[in-house]
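Below is one structure; the comments refer to it alone.
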Amino acid sequence: MLLLHCALLWLLLLLLPPGSRTQKLPTRDEELFQMQIRDKAFFHDSSVIPDGAEISSYLFRDTPKRYFFVVEEDNTPLAVTVTPCDAPLEWKLSVQELPEEASGDGSGEPEPLEQQKQQITSEEGTELFSYKGNDVEYFVSSSSPSGLYQLDLLSTEKDTHFKIYATTTPESDQPYPELPYDPRIDVTSLGRTTVTLAWKPSPTASLLKQPIQYCIVINKEHNFKSLCAVEAKLSSDDAFMMAPKPGLDFSPFDFAHFGFPSDNNSGKERGFLKSSSKFGRQMSSKPRVDLHKICIGNKNIFTVSDLKPDTQYYFDMFAVNTNTNMSTAYVGTFARTKEEAKQKTVELKDGKVTDVFIKRKGTKFLRFAPVSSHQKVTFSVHSCLDAVQIQVRRDGKLLLSQNIEGVRQFQLRGKAKAKYLIRLKGSKKGASILKILATTRPNKQSFPSLPEDTRIKAFDKLRTCSSVTVAWLGTQERNKFCIYKKEVDDNYNEEQKKREQNQCLGPDTRKKSEKVLCKYFHSQNIQKAVTTETIRGLQPGKSYLLDVYVIGHGGHSVKYQSKLVKTRKFC
């Protein structure tokens, strides 16, 4: 029976007491061997290479390490695989004859310990194979001589991890998944934020029916030659992510760190990196690296999404045998996502209001080029829903950058033949709608002025079964105010109310029957710029939504915040 031993047994032989008889190195006891393989501590941090099991170890820079194993019989099949993780390795496999069992006088007594050690270490042995680099490299022989085999490893670049696998039964073991005849990854579809990958299945899964899952690795630096190298790049805290639900391509990109969101909602959304992250966990001690991995089960097509436009990414695929947890790398590939579609710049006309729609987190560009010389330019912006960000540049120079809600007005110093570029960025909550006006005529005011507080106040003590009394603030500018009412169900909630908060929808969108009244109002004393109104003719115990619109001289209106009121049921 053939044996791939370990130096531990050899050292035990050398350390036998002088009075004991020499013993032949034992052959492999399969039951004992399997027990030892299950007990990982048996081979931990030793010079042992077990037969048929992968071991992981660590090398300090410029500090060589040597491993041993024994092959007892000639013509033994042998396979040795060395996997560098995060640095290139220099390694050499050599063999020398086993020492004689007994001393020369035939007494049966072992040679002195120091003499036996010298016999081992003084002979360099016959070199069988050597390699230098960071590829996963193999030594395979169908007929190896008996002897003591030495595997010497050295890292000259940095401290590094590595893995070793050796076996005397390579034909039957096959722990590494086999690659298909074409091991390349194909890019089948390319978009601005997505890349679709496809690959041929491993014969280990399709023919041998062994459990294989595929793990994708995405980064922006380079391809990886082993999954060990990927894990070394990531933190040891990172774990493989769960496979997505059937029918959903899952993306691990969060990329706040990668240019993507980082909320770790693995499998909840179709998106890369809602990865997850997500497809990645938050690291506590090391900075996050732009590297992500995800295991997707046994399918062989996958769409990576939420990537950055016009960015080069590297994609690697690893077939992992889930029984042995050993992997084989496909030939990696890379691809550059398409450029972001160039946005059309909207031209603003002097003194004319322009409606702008911006999708969630989207961006719009507007251009204003006054035809005549001007001392000042005024931008009036009415954000109808959530806050938006505005930036104004004059001939490339940033003049203004603010978040705005409601109606805002900005007056900037003009310059002859100047051109203004306005950048509007939408809200993260949802789509944004706004109106914008640019003018070189200071008296051209299309939007009405608003108080800082646009709430409507209802007086509970003045509430009756058929009326409610409300108040709102005005300004020093004389404007027209119109109030409207709409009966709503008792279960009318804040979500429904929010959908009706578009401040750009004017009175012209309301039914005539909902109109209560219109009136003009202003006060030179801003402290007294408040008006009240009693709304009558309501039904007992009913809920009503009240809206106040202020209409400017240019005809444009702005809606105050809606107010939900309810009449008394009994009076």
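The values are calculated or read from the model by the stated rules, or taken from the named source; none is laboratory data. Since we're looking at a predicted model, the values are computed, not measured. Counting neighbours? That spans all protein chains shown, and the Cβs are built from the backbone with ideal geometry, glycine included. What goes into the accessible areas is simple: the full protein's heavy atoms, side chains included, and nothing from ligands, DNA or RNA. Shrake-Rupley method; radii C 1.70, N 1.55, O 1.52, S 1.80 Å.
So, of the residues in the stretch 190-218 that are of a type in the set (A, V, I, L, M) and surrounded by 18 or more Cβ atoms within 10 Å (Cβ to Cβ), which turns out to be nearest to residue 229 (Cα to Cα)?
Once the filter is applied, the top-ranked residue is 217.
For the condition surrounded by 12 or more Cβ atoms within 10 Å (Cβ to Cβ), over 30 Å from residue 429 (Cα atoms) and modelled with pLDDT of 90 or more, what is the one hit in 516, 548?
Just one listed residue meets the conditions, 516.
State whether the residues of the stretch 169-190 include one that is part of a strand (DSSP E or B), β-branched (Val, Ile, Thr), modelled with pLDDT under 90 and closer than 24 Å to residue 67 by Cα.
Scanning the stretch 169-190 turns up no residue that is part of a strand (DSSP E or B), β-branched (Val, Ile, Thr), modelled with pLDDT under 90 and closer than 24 Å to residue 67 by Cα.
Within the stretch 40-73, restricting attention to residues that are part of a loop (DSSP other than H, G, I, E, B) and of a type in the set (S, T, N, Q), which residue is modelled with the highest pLDDT?
63
Suppose we filter 308, 342, 352, 338 for residues that are over 23 Å from residue 189 (Cβ atoms), charged (D, E, K, R) and open to solvent by 40 Å² or more (accessible area, probe 1.4 Å); which single one remains?
Unique residue meeting the criteria: 352.
Mind checking which strands (runs of 3 or more DSSP E) fall wholly inside the stretch 388-497 and carry at least 3 residues that are at pLDDT below 90?
Details: elements: 397-413, 420-425, 432-439, 468-473, 479-488.
Output list reads 397-413, 432-439.
May I ask you to verify whether residue 371 is of a type in the set (Val, Ile, Thr), part of a strand (DSSP E or B) and either over 27 Å from the mean Cα position of the chain (by Cα) or farther than 30 Å from residue 205 by Cβ (or both)?
no
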